[in-house]
1. Given the criterion touching a residue at least 24 places away in the same chain (Cβ under 8 Å) and small (Gly, Ala, Ser), identify the matching residue among GLY66, GLY95.
2. Quick one: which of LEU76, LEU48 is over 18 Å from ASP121 (Cβ atoms), in contact with a strand residue (DSSP E or B) (Cβ under 9 Å, 6 or more places away or on another chain) and loosely packed, with under 15 Cβ neighbours inside 10 Å?
3. Out of LEU58, LEU90, LEU96, LEU120, I need the residue that is under 30 Å from ALA25 (Cα atoms) and touching a Gly at 6+ places or on another chain (Cβ under 8 Å). Which one?
4. Checking ILE113 against (1) within 30 Å of GLU26 (Cα to Cα); (2) within 13 Å of the chain's Cα centre (by Cα), which test does it fail?
5. Just for strands (runs of 3 or more DSSP E) wholly inside region 1-77: which have at least 2 residues that are closer than 14 Å to PRO116 by Cα and either under 15 Å from the mean Cα position of the chain (by Cα) or not hydrophobic (A, V, I, L, M, F, W, C) (or both)?
6. For region 60-71, does any single residue satisfy the condition of being closer than 24 Å to ARG8 by Cα, buried (at least 17 other Cβ atoms within 10 Å of the Cβ) and not aromatic (Phe, Trp, Tyr)?
7. What do you reckon, is GLY41 touching a strand residue (DSSP E or B) at 6+ places or on another chain (Cβ under 9 Å) and surrounded by fewer than 12 Cβ atoms within 10 Å (Cβ to Cβ)?
Amino acid sequence: MYEAISNRFRVTVRPQFLAGQSNPAEDKFVWAYTITIENLGQVTAQLLTRHWIITDALGHKQEVRGDGVVGEQPTLAPGESFQYTSGCPLSTPSGLMVGSFEMQGENGQHFDITVPAFSLDSPHDKRILN
């Protein structure tokens, strides 16, 4: 599990390799990741947009920006949380994702919360100790 706290929000990520949807012979590797966003502060805020930087094992980067997450723009009051699961395909057996969510507080102020960098590892990747 990966975790980051920023602007009084905790974001945790649990990635999982999906062997049944992957096909290593065709360089197709798929992961699911479950994200939980918790409001640790005193201000209600709505998630407006997402921003991802996805890097494969060869160092190729892809940026993804969009409204909300899984078709939703949840509003979190103090003490509330929101959880969703999404996925990521890559053409390499490992990779890395990192990102942020743009939030809007009830006072209209915009701020970002950090999604921690998390590793996408499959059993088809060689482990190298540095």
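Each value in this text was obtained by applying a stated rule to the coordinates, not by laboratory testing. None of the values given here were measured: they were computed from a predicted structure. Using ideal geometry, Cβ is built from the backbone for each residue, glycine included, and neighbour counts are taken over all protein chains shown.
1. Numbers: GLY66 fails: touching a residue at least 24 places away in the same chain (Cβ under 8 Å).
So the residue among GLY66, GLY95 that is touching a residue at least 24 places away in the same chain (Cβ under 8 Å) and small (Gly, Ala, Ser) is GLY95.
2. Details: LEU76 fails: loosely packed, with under 15 Cβ neighbours inside 10 Å.
Checking each option against the conditions leaves just LEU48.
3. On the way: LEU58 fails: touching a Gly at 6+ places or on another chain (Cβ under 8 Å); LEU90 fails: touching a Gly at 6+ places or on another chain (Cβ under 8 Å); LEU96 fails: touching a Gly at 6+ places or on another chain (Cβ under 8 Å).
Sole residue among the options that is under 30 Å from ALA25 (Cα atoms) and touching a Gly at 6+ places or on another chain (Cβ under 8 Å): LEU120.
4. All conditions are met except number (1).
5. Details: elements: 2-6, 9-17, 29-39, 45-56, 61-67.
Ranges flagged: 2-6, 9-17, 29-39, 45-56.
6. Checked against the condition, which is being closer than 24 Å to ARG8 by Cα, buried (at least 17 other Cβ atoms within 10 Å of the Cβ) and not aromatic (Phe, Trp, Tyr), region 60-71 yields at least one hit.
7. Values: touching a strand residue (DSSP E or B) at 6+ places or on another chain (Cβ under 9 Å): yes; surrounded by fewer than 12 Cβ atoms within 10 Å (Cβ to Cβ): no.
Taking the combined requirement at face value, the residue does not satisfy it.
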